[in-house]
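The values are calculated or read from the model by the stated rules, or taken from the named source; none is laboratory data. What you see is a predicted model; the values in this text were computed from it and never measured. Cβ atoms come from the backbone with ideal geometry, glycine included; neighbour counts cover every protein chain shown. We work out accessible area using only protein heavy atoms, side chains counted, and drop any ligands, DNA or RNA first. Shrake-Rupley method; radii C 1.70, N 1.55, O 1.52, S 1.80 Å.
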Amino acid sequence: MKPLKLSIKKFSYRYAQIFSKLRRDIDNESEYVLGNKGERKENALHVIVRLLISQRRTVTFLAFDDDFVIGYVSLVFPRFSKMKGNTYLTISVREAYRGKGVGSALMETAEKYAQAQGMRRIELEVFGKNKNAIALYAKRGYIVEGTKKDAVYNLGAFDDIIIMTKRISA
């Protein structure tokens, strides 16, 4: 495999079509996402409309290998003032690019952005059986804050959802 030419770019509308395809592709290849193969029906227009509605509360960064999109991270900022300082993170990387530093680079970008926006805490959820993702998050300083027992039916059995958080400011 050729050397990775990793770049991280903030989402813009010109990436809507490739972002939509990326999410469908990851759904089709990954065991640990909420969508099963074929369930995600969004297209570029759906992505644009959703982003227009939530543009003040959501930011997404895309990872590229040269000009091929290989992953993304999104931050969702709180709607209500009582939740000020908190943000929710979602991340996905194409299977062929896992274990190559792409997830770490995306998370580092998201964490720096959240900190610059005055956030103090990042929260994420991960399937309990997704040991590789849990190890990555722990390595980056995330701690388990809670568990939703048997919250998702996946691969023929129930699995927990693990809630992990990281404080990014004092």
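Any idea what the dipole of the chain comes to, in debye rounded to 20, about its Cα centre with Lys/Arg Cβ at +1 and Asp/Glu Cβ at -1? All intermediate terms of the calculation are to be shown ahead of the outcome.
Details: 31 positive and 18 negative charges, 132 e Å.
I would put it at about 640 debye.
Taking square-rooted eigenvalues a ≥ b ≥ c of the alpha carbon gyration tensor, is the chain rounded, prolate or oblate, where a/c under 1.5 means rounded and, failing that, a/b exceeding b/c means prolate?
The shape class here is rounded.
Of all accessible surface on the chain at a 1.4 Å probe, what whole percent is carbon and sulfur?
That fraction is 54 percent.
Send over a whole-number figure in Å² for the accessible area per residue of segment 94-170, probe 1.4 Å.
That works out to 55 Å² per residue.
Can you work out the Karplus-derived ³J(HN,Hα) for every residue in segment 67-84? Use 6.51 cos²θ - 1.76 cosθ + 1.60 with θ = phi - 60°, whole Hz, and x for glycine or proline.
Running phi through 6.51 cos²θ - 1.76 cosθ + 1.60 with θ = phi - 60° gives 10, 9, 6, 10, x, 8, 9, 10, 10, 10, 8, x, 8, 10, 5, 5, 9, 3 Hz.
Would you mind classifying segment 51-114 by shape? Square roots of the alpha carbon gyration tensor eigenvalues, ordered a ≥ b ≥ c; an a/c under 1.5 is rounded, otherwise it is prolate if a/b is larger than b/c and oblate if not.
Working: a/c = 2.96, a/b = 1.99, b/c = 1.49.
Prolate, since a/c reaches 1.5 and a/b exceeds b/c.
Using the structure shown, list the pairs from Lys82/Lys112; Lys9/Lys148; Lys21/Lys100; Lys9/Lys84; Lys5/Lys129 with a Cα-Cα distance above 28 Å, or answer none.
Distance filter (> 28 Å) returns Lys9/Lys148; Lys5/Lys129.
With the radius of gyration and the Kirkwood radius both derived from the Cα set of segment 80-170, what is their ratio Rg to Rh?
So for segment 80-170, dividing Rg by the Kirkwood Rh gives 0.99.
Could you give the dipole magnitude of segment 51-142 about its Cα centre, charging the beta-carbon of Lys and Arg +1 and that of Asp and Glu -1, in debye to the nearest 20?
The calculation lands at about 540 debye.
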